[in-house]
Amino acid sequence: MARRIRRAAAAAFAAALMTTACAAEETQSASDEIPIGVSIELSGPAQVQGEAYQKALQLEVDRINAEGVKVGDRTYRIKLVVRDNKSDPTEALQVVKSMIDNDKVVAIVGGGSSPTTMSTVDAVESRGVPTVSMGSSGAIVSPPDKRRFVFKTPANTDLIVETMIEEFQRQGITKIALLSVDNAYGQAGLGAIEAAAKAGKVQLVASEKFTDKDKDFTVQVTKLVAAQPEAIVVWAIPPGSTIAAKNIKASGFTGKVFFDAGAGAELFIKGAGAESEGMYMVHPAVLAGSKITGDSPAATVQREFFQQYTAKYGNFSGFAPYAADALRLIVAAIEKAGSLDRKAIRDAMEQLTYDGVTGRYEFSPENHGGVTKDSLVLLTVRDGTWEPAQ
Amino acid sequence: MGQLLQFVVTGLATGATYALVGLGIALVFQVTGVINFAQGHFVMLGALTFAILEENGTAPVPAALMALAGTTVIGLLVERLVIAPARGAHVDRLIILTIGAAIVIEGAALVAFGTQPRIAAPFTEGVVRFGGVRLEGQYLWVSVATILAVAAVWVFLTQTTLGKAMRGVAMDREAARLMGISPRRMSLLVFTLAAALGAIGGVALAPIQHPDPGIGIALGLKGFTAAVIGGLDSPAGAVAGGLLLGVAEAIAAGYLPSGYKDAVAYGVLVLLLLVRPTGVLKTVRAVRV
């Protein structure tokens, strides 16, 4: 009996280690194609992001290939090599190595999140492949001398925190608590908030973590509320952000709730429903979609992308613009370099100033990271949709 | 103090989740000696089909019944196609076969339903409050489902001829066979029953779990831990084990840094298997099977 149970336990751990294979592949060959690798989360805890990325990339590649990419006097088509990294850092590294060594990609879009990018930065550096990540952690692009080939589209974590803190000051909030997911993405948020607290900009009275497989954070929320913060900041992507919104509402917390841009998918509003009403999120303006006003180039690009995406897929995702921009930046760098050489593409990318869907990029040898601060706005949930807070 | 109460209540609520899974595992083990690692996947199937049907406009009750029927059929197929043909094999091999079945179910669910997490509406809106403690209303439904499932299993095992026959097989296969009870039929019956229990759990859990095909493994492991705490061959023990595990997790998360929650749960499992493999709720039996 006892022995049988012990053996069963061994089998249980074996089961825990196993995962099922789910590889999405797109392979076709023609001479005038530029192979670009895509490492995204088509399954696993960050699947909500991966799906939006895939849709956005499909939309973009169709648009780009309709015109073609001019390199010198030849016109190329983009061939995306899409691979599922299963939201797993280890898998992401294998995917990236395989795309570089086997598919000979000239550049990489991805990973789609901070954990799946951080595991791959050394590999793309040593192989010299320009990579544009959709992960937000500042560590993805710093220190600059060890991230010469790595760029990213989401705003730096500290810019998001700065935007939040401006709003805290405007509303007279001094004491905050933080609920963050326990991975590279959540740690980046925690680090930036702690740095702001150390600088005396805000008082962090409590901080709790949860794993991306947890389905209930009531215990963590109870501890946070007990510290009597005026606002709770949540650093999580769906479905974690959805669960956090529900649990915070259920706890009876009456203060303000702020989310990082990662919470910004349609699932958040759909999943949390009325419970998310009145909560805030710092996000690139594009999520407000049709409510974006103004005739600036950025506003026009954002409105167009929002309309095309919603026309094709029905609803919009806050994650889509990051992937769309990653591909746009690579294409812009290729055209600027006039070459398919990886090093030349990297050098051109570093000199780019570009108005993307997410906002404005001003890359330089010191700055490979994300949109500028004025691309970020504070959104709030009003009648079940994201709207500008002011 | 109010905090401790909140942790215990939250722990009992999540513990009911583990209890529902553990119940099915213990039931199958009791009758067949096989630890069914596909039990979490039965729960996943129940939750996923319920949520998808509801998303597509089916009313909750028919959606629940369809999820129940569909999952039960899968349970029946798993027994007929995977367990029954290998009947003569050693229990270890059967256990590995259930892991194989679990992986096939997950893979098939991925292909059929995609990787997207689904959202089901709670059965009733709102938050329950009592004595300063707050709880999402859906957890009450999970508790109700657990209580009903335990009661139904108890009545079935002790009050019906079929149930008694099943316990007979659990106690002594050969003697049961001599009394005209077919262990093969009982095996089929218990897997079907376990799948049905899994589906009931899945339906109750769907609004909380945001089900996708990947939730099966984690649920199965927590359920297995619950069953082990309860001594594996006692459905009531599995329920007690699940509740205990939930409370231990919640209190650990409450008073330690919350990142240690899973470490505590699986640490308890490893410790139990090393120190007290017959479960905490039972006196140690000298007989080895």
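The values are calculated or read from the model by the stated rules, or taken from the named source; none is laboratory data. None of the values given here were measured: they were computed from a predicted structure. No Cβ is skipped: glycine too gets one built from the backbone with ideal geometry, and neighbour counts run over all protein chains shown. For the accessible areas, the whole protein counts, side chains as well, though only heavy atoms, and no ligand, DNA or RNA atoms are used. Shrake-Rupley method; radii C 1.70, N 1.55, O 1.52, S 1.80 Å.
Report the extension gain between A:E362 and A:D62 in nm, rounded to one decimal, defined as 0.36 nm multiplied by the number of residues separating them, less their alpha carbon distance.
Numbers: separation 300, 0.36 × 300 = 108.00 nm, distance 2.61 nm.
Length gained between A:E362 and A:D62: 105.4 nm.
Can you tell me the relative contact order of region B:2-275? Whole percent, Cα pairs under 8 Å, sequence separation 6 or more.
Working: 485 pairs, mean separation 111.9, N = 274.
Reported as a whole number, the value is 41 percent.
Return the whole-Å distance between the Cα centroid of region B:5-80 and the Cα centroid of region B:90-166.
3 Å
What is the Cα coordinate range of chain A on the first, second and third principal axes, sorted by size from largest, in whole angstrom?
Cα extents, longest axis first: 70, 65, 41 Å.
Given the -39500 (n - 2.57) contribution per DSSP H run of 4+ residues, what per-residue ellipticity at 222 nm results for chain B, rounded to the nearest 500 deg cm²/dmol?
The per-residue figure over chain B is -24500 deg cm²/dmol.
Roughly how big is the A-B contact, given as buried accessible area in Å² (both sides, 1.4 Å probe, nearest 100)?
Working: alone 16500 and 13720 Å², together 25890 Å².
The buried area between A and B, both sides summed, comes to about 4300 Å².
Past the 30 angstrom mark, what percentage of all C-alpha to C-alpha distances in region B:2-275 do you count? Write down the numbers at each step before the final one.
Numbers: 10158 of 37401 pairs.
Percent of Cα pairs beyond 30 Å in region B:2-275: 27.
Separation of region A:113-188 and region A:220-268 by C-alpha centroid, Å?
20 Å
Using only the Cα atoms of the protein assembly as shown, what are the Rg and Dmax in Å?
Using the Cα atoms of the protein assembly as shown, the pair Rg, Dmax is 26.5, 88 Å.
For region A:264-365, run through the trypsin sites (Lys or Arg not before Pro) and keep only the ones in DSSP coil with at most 12 other Cβ atoms within 10 Å of their Cβ. Don't skip to the answer; put the middle values down first.
Details: sites: A:K270, A:K291, A:R303, A:K312, A:R328, A:K336, A:R342, A:K343, A:R346, A:R360; in loops: none.
Qualifying residues, ordered by number: none.
Inside 10 Å of the C-beta atoms of B:123-135, what's the mean count of C-beta atoms belonging to other chains?
Numbers: counts 0, 0, 3, 1, 6, 1, 2, 0, 0, 1, 2, 8, 2.
Mean partner shielding for this stretch: 2.
At a 1.4 Å probe radius, which order do B:R167, B:R87 fall into by accessible area, largest first?
Working: B:R167 75, B:R87 55 Å².
Descending accessible area places them as B:R167, B:R87.
Find the accessible area per residue for region B:2-275; the probe is 1.4 Å, ligands and nucleic acids are left out, and the unit is Å².
On the way: 10250 Å² over 274 residues.
For region B:2-275, the solvent-accessible area averages 37 Å² per residue.
To check you understand DSSP bridge types, tell me what percent of the beta bridges within the protein assembly as shown (both residues inside) are antiparallel, rounded to 5. Display every interim value, and only then the final one.
Numbers: 20 of 56 bridges.
Antiparallel: roughly 35 percent of the beta bridges in the protein assembly as shown.
Which residue fluctuates the most in chain A, going by a Gaussian network model with Cα springs under 10 Å, if the choices are A:P239, A:P297, A:P89?
The residue with the greatest mean-square fluctuation here is A:P297.
Per residue in region A:35-53, which ones lose no less than 50 Å² of accessible surface when going from chain alone to all protein chains (1.4 Å probe)?
For region A:35-53, once contacts with the other chains are taken into account, A:Q47 lose 50 Å² or more.
Output the Kirkwood hydrodynamic radius of region A:46-104, Cα pairs only, in Å rounded to one decimal. Provide the component values of the computation, followed by the final result.
Working: mean 1/r = 0.0754 Å⁻¹.
Its Kirkwood hydrodynamic radius stands at 13.3 Å.
At a probe size of 1.4 Å, how large is the accessible area of A:M164, to the nearest 10 Å²?
Approximately 0 Å² for this residue.
What figure in square angstrom, to the nearest 10, would you give for the accessible area of A:S133 with a 1.4 Å probe?
Surface open to solvent at A:S133 totals about 0 Å².
With a 1.4 Å probe and all protein chains kept in place, how much accessible area does A:Y354 have, in Å² rounded to the nearest 10?
50 Å²
Taking just the C-alpha trace of region B:47-163, give me its Rg and Dmax in Å.
Cα radius of gyration and Dmax of region B:47-163 are 18.4, 56 Å respectively.
Given contacts defined as C-alpha pairs under 8 Å and at least six residues apart, what's the relative contact order of chain A, whole-number percent? Can you show the working numbers first?
Working: 813 pairs, mean separation 64.5, N = 390.
Worked out over chain A, it gives 17 percent.
For a quick check, take a GNM of chain B with Cα springs below 10 Å and name the residue from B:V153, B:V127, B:V142 with the largest mean-square fluctuation.
Looking only at B:V153, B:V127, B:V142, the biggest GNM fluctuation is shown by B:V127.
GNM, chain A, Cα, under 10 Å: largest mean-square fluctuation among A:D374, A:D62, A:D295?
Among A:D374, A:D62, A:D295, the largest GNM mean-square fluctuation belongs to A:D295.
Say each of A:Q390 and B:L140 gets a label point 7 Å from the Cα, pointing the same way as Cα to Cβ; how far apart are those two points in nm?
Calculated label separation equals 4.4 nm.
Around B:F156, under 12 Å between beta carbons, what's the net of Lys plus Arg minus Asp minus Glu among the other residues? Before the final figure, lay out the partial values.
On the way: positive: B:K164, B:R167; negative: none.
Residues near B:F156 contribute +2 overall.
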